[in-house]
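Engineer: The structure under discussion is supplied below as structure tokens; questions concerning it will follow.
The values are calculated or read from the model by the stated rules, or taken from the named source; none is laboratory data. Being a predicted model, the structure only gives us computed values, none of them experimental. Calculation scope for accessible area: heavy atoms of the full protein, side chains included, ligands and nucleic acids excluded. Shrake-Rupley method; radii C 1.70, N 1.55, O 1.52, S 1.80 Å.
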Amino acid sequence: MAEPHMHDEIDEVTCREFVELVTDYWEGALPERRVELVEQHLVMCDWCKTYLEQFEATVEAMPMAAAEESPAAANERALLAAFRERRAGG
């Protein structure tokens, strides 16, 4: 019997997984089923709701950057790159 794929077995998101997924969730880059699981977790977990609010506030509060981009786009791009680098172990 073939072993099921790991993503087929997931029926909940833990706090640790949420922290790893928050950037993709915020960008709208998660598959629909994963979004559902994240949102179910957020309903039950005040800590992760607060983490998401702080993440959003941090993105919005980034100082202005590159002149050729809109300030908001440059700030968002820089912050998301930093989160991805940290998640990748950099």
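Engineer: Please give the solvent-accessible surface of Glu27 in Å², to the nearest 10, using a probe radius of 1.4 Å with every protein chain present.
Structural biologist: Spelled out: Glu27, probe radius 1.4 Å, area about 70 Å².
Engineer: Fully extended, how many nm does the chain gain between Thr58 and Asp46 (0.36 nm per residue separation, minus their Cα-Cα distance)?
Structural biologist: Values: separation 12, 0.36 × 12 = 4.32 nm, distance 1.81 nm.
That works out to 2.5 nm of additional length.
Engineer: Using 0.36 nm per residue, how much length does the chain from Ala82 to Glu36 gain when fully extended, once their Cα-Cα distance is taken away?
Structural biologist: Between Ala82 and Glu36, full extension yields 14.0 nm more.
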